[in-house]
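First comes the structure, then the notes that go with it.
The values are calculated or read from the model by the stated rules, or taken from the named source; none is laboratory data. What you see is a predicted model, and the numbers here were worked out from it, not measured in a lab. A quick note on method: Cβ atoms are made from the backbone with ideal geometry, for glycine too, and the neighbour counts reach across all protein chains shown.
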Amino acid sequence: MTYKWPYATDKFTAYEGEKHTTRLSMALWIVDDYTGKQPLNQVKVRMKEGDISDEECDIKTKEGFFNAVKNPSGYHIFTDLPPRTYSCCIESDPYFPEKKTISGTKDVILEFDGTGPGQDKTDTKLKDASILKIGDSVEFRNITGDVEQRKITNILEKTISWAEKLKFDFTAKGSTIRVIRLLEFAIGGPAKDMNSIELKDISRLEKGDIVEFQNLRGDIEQRKITDIIGNQTIVWAEKLKFDFTAKGSFLRVLSYIIDEIYLKPRPSYPFPDNTTLVRGLVFGPDNLPAQKAKIKIQDLKETRTNENGDFVLYFDESDFNGLLLFSWDKIPGSDNEKLIGFLKQNYDIDWVETAEIEKTADDNNVSITKDENSLSLKLNDEKTKVTLEIDDGRTDEFVVRKEKDKLNIFSNIIIEVEINSTSKIVKTNLEKGKTMILEKINF
C-alpha cells in the first residue's frame, strides 16, 4: 500500500523522559518607535551575560550569546536564567540596533539538601536557608509541571516547615524550589476598574515591579507598578478588568522581568508620504561622515546617525501640540502671558513683563514696547510665517498653522548634535506633512 501524502496523526504519547518544564525569566516587548506598534520586519533578540559594550553587541558572533524565543503573543522570551546582569542586543531592518542592560531576574532559587519533599510532607532540608525567614513563601515545581506554594511557618537550621501537607511529589530529579513574594491586602483586594490598592507591607516593592492578581474563579491579571504612595499604596496604569475583592484572592510579585524596548528607524525607513520629517547629514572633524553621532531635541526626540552620517527625526500631532506657542488671534488678549513667557525664556528680554502690546488694524503686525525698548512680530502675506525682530538686531522665524479658523504660532525646534562630547546646536522649523532638509552639519 502506498500513500499519496505522508501519513499523519494527531495522537501521541508523552513519556516521562520526554517532558521538559521551563520557567519564564524575562519577556521583552519590541516596539517600532515611529508607529508604536510591532516592528515591520523580523526581529533578532540575543542576550549575553554581563554588561557588554555596543561594539560587542554589533559583532556578528554567536559565542556566549543565546537567542530569545518569540511566543504567540509577540513577546521575546528567555527562560531559566540565573539572577545575574545581562545585555540584550536587538537587531531588525530598517532600524538601528539597540542594546539594553537588564539586571537579572528577580528569582531566588533554593537548593534541596538531597531530594525534595514527597507527597504529604510538611518540611524539607535545604543546602542553605540563611536568606529565608518565617512568613516567606516558597514554590515547589516538579518535572511533570505540578506546582504548589507554601508559607514557611518554622525554620530549624537548614530545615523549613509549613502547615498544609503537599499534594504532589517533588522527590524526582529536576524538582525545584524558589522563593516567591506574596503580598497581603491591607483590608481587601481591589474591585473591577480600580488602579490602586493598599497593602500591609510594601517595603520590598519598587516602581516597575510586576504584580499578579488572582481570584478563586481563576481570573488572573498582571500590572506594572507605576507609583508607590506613602507606606501602603501601590498604583498601576490600566484599570482591572476583573474583581479581586472576594476572600481567597491574592497578590504576588512576579519573579520574571517584563520590559519594552523601542527601535529607532534608520533614515532608510519607509515613512508614509505625508510624514513630518527633518533630515540631516553630519560630518566629523576629519571631514568624514560621522557615524553614531547623537541627535537630540530635549524632552522630545532622540536618534543617531547611520554609517553615512545621515539622520532622520519624525514628528506626529502630539509633537506639534508641544511646540504651540500662542494664537495670533489672542494677541493682544488671553495669550499675552504665553507670548511674554516665551520671549523672556528664549531671548532674555525681561522688560516685556510690563511692556505695552499692540496690533495694527490690518492684523498683520504686533508691536511690544516699553520706554526705549521694542520688538515686532510680522505675519507674512501668505499667513504661513511670523518674523520676530528685536531692537538689538536679533531676528527669528516661526511657523504658522491655521487650525479651526485660528492662526497658531509654533516654536522652532532646537536640535543638539553631539560627537565625542562636543556639541553643535541647529535651529529649524517644522511644516506639517513635509520634509525639512538641513544644511550639512560640520564639526
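Residue under question is V417, and the condition is that it be touching a residue at least 40 places away in the same chain (Cβ under 8 Å) and buried (at least 16 other Cβ atoms within 10 Å of the Cβ); does it hold? Judged against the criteria, V417 is a match. With the structure loaded, tell me whether F170 is surrounded by 16 or more Cβ atoms within 10 Å (Cβ to Cβ) and farther than 23 Å from N215 by Cβ or whether it fails that test. Yes: the conditions hold for F170. Residues of segment 250-276 that are among the small types (G, A, S) and closer than 27 Å to N71 by Cβ: S255 alone. Residues that are surrounded by fewer than 19 Cβ atoms within 10 Å (Cβ to Cβ) and β-branched (V, I, T) were ranked within segment 255-279; the one that is farthest from T428 (Cα to Cα) is I258.
Residues of segment 363-384 that are basic (K, R) and touching a residue at least 24 places away in the same chain (Cβ under 8 Å): K383 alone. Among the criteria (1) more than 16 Å from K338 (Cα to Cα); (2) assigned to a strand (DSSP E or B), the one D392 does not fulfil is (2).
Taking the criterion of being closer than 30 Å to L81 by Cβ and hydrophobic (A, V, I, L, M, F, W, C), the residues of segment 178-197 that qualify are V179, I180, L182, L183, I197.
Might you check whether a residue that is touching a strand residue (DSSP E or B) at 6+ places or on another chain (Cβ under 8 Å) and part of a loop (DSSP other than H, G, I, E, B) occurs anywhere in segment 221-228?
Step one: filter segment 221-228 for residues touching a strand residue (DSSP E or B) at 6+ places or on another chain (Cβ under 8 Å), giving 221-228.
When the remaining residues are screened for being part of a loop (DSSP other than H, G, I, E, B), the result is none.
No, the conditions are met nowhere in segment 221-228.
Just one of G174, G218, G248, G208 is assigned to a loop (DSSP other than H, G, I, E, B), small (G, A, S) and in contact with a strand residue (DSSP E or B) (Cβ under 7 Å, 6 or more places away or on another chain); which is it?
Working: G174 fails: in contact with a strand residue (DSSP E or B) (Cβ under 7 Å, 6 or more places away or on another chain); G218 fails: in contact with a strand residue (DSSP E or B) (Cβ under 7 Å, 6 or more places away or on another chain); G248 fails: in contact with a strand residue (DSSP E or B) (Cβ under 7 Å, 6 or more places away or on another chain).
Result of the check over G174, G218, G248, G208: G208.
Please work out if E431 is within 26 Å of D348 (Cα to Cα) and out of contact with any Phe, Trp or Tyr (no Cβ under 7 Å at 6 or more places or on another chain). Spelling it out, it is not the case that E431 is within 26 Å of D348 (Cα to Cα) and out of contact with any Phe, Trp or Tyr (no Cβ under 7 Å at 6 or more places or on another chain).
When restricted to residues that are touching a strand residue (DSSP E or B) at 6+ places or on another chain (Cβ under 7 Å), surrounded by fewer than 15 Cβ atoms within 10 Å (Cβ to Cβ) and modelled with pLDDT under 80, segment 57-81 contains 1. The residue of segment 332-350 that is surrounded by the most Cβ atoms within 10 Å (Cβ to Cβ), among those that are touching a strand residue (DSSP E or B) at 6+ places or on another chain (Cβ under 9 Å) and outside any helix (DSSP H, G or I), is I349. Report whether or not D286 is without any contact (Cβ under 8 Å) to a residue 12 or more places away in the chain, of a type in the set (D, E, K, R) and more than 30 Å from L379 (Cβ to Cβ). Criteria met by D286.
Within segment 229-251, the set of residues being crowded, with 17+ Cβ neighbours inside 10 Å and in contact with a Ser or Thr (Cβ under 9 Å, 6 or more places away or on another chain) comprises I234, W236, D243. One residue stands out among those in segment 218-232 that are in contact (Cβ under 8 Å) with a residue 24 or more places away in the chain and over 23 Å from the mean Cα position of the chain (by Cα): the one that is farthest from L199 (Cα to Cα), which is D219. On the stretch given as segment 194-205, residues that are outside any strand (DSSP E or B) and aliphatic (A, V, I, L, M) total 3. If you go through segment 351-373 and keep only what is in contact with a helix residue (DSSP H, G or I) (Cβ under 6 Å, 6 or more places away or on another chain) and part of a helix (DSSP H, G or I), you end up with just V352. Among D136, D193, D120, which is closer than 25 Å to D219 by Cα, among the charged types (D, E, K, R), in contact (Cβ under 8 Å) with a residue 12 or more places away in the chain and exposed (fewer than 15 other Cβ atoms within 10 Å of the Cβ)? The unique qualifying residue is D193. Scan segment 280-323 residue by residue and report those that are among the aromatic types (F, W, Y) and either part of a strand (DSSP E or B) or buried (at least 19 other Cβ atoms within 10 Å of the Cβ) (or both). Selection gives F283, F311, Y314, F315.
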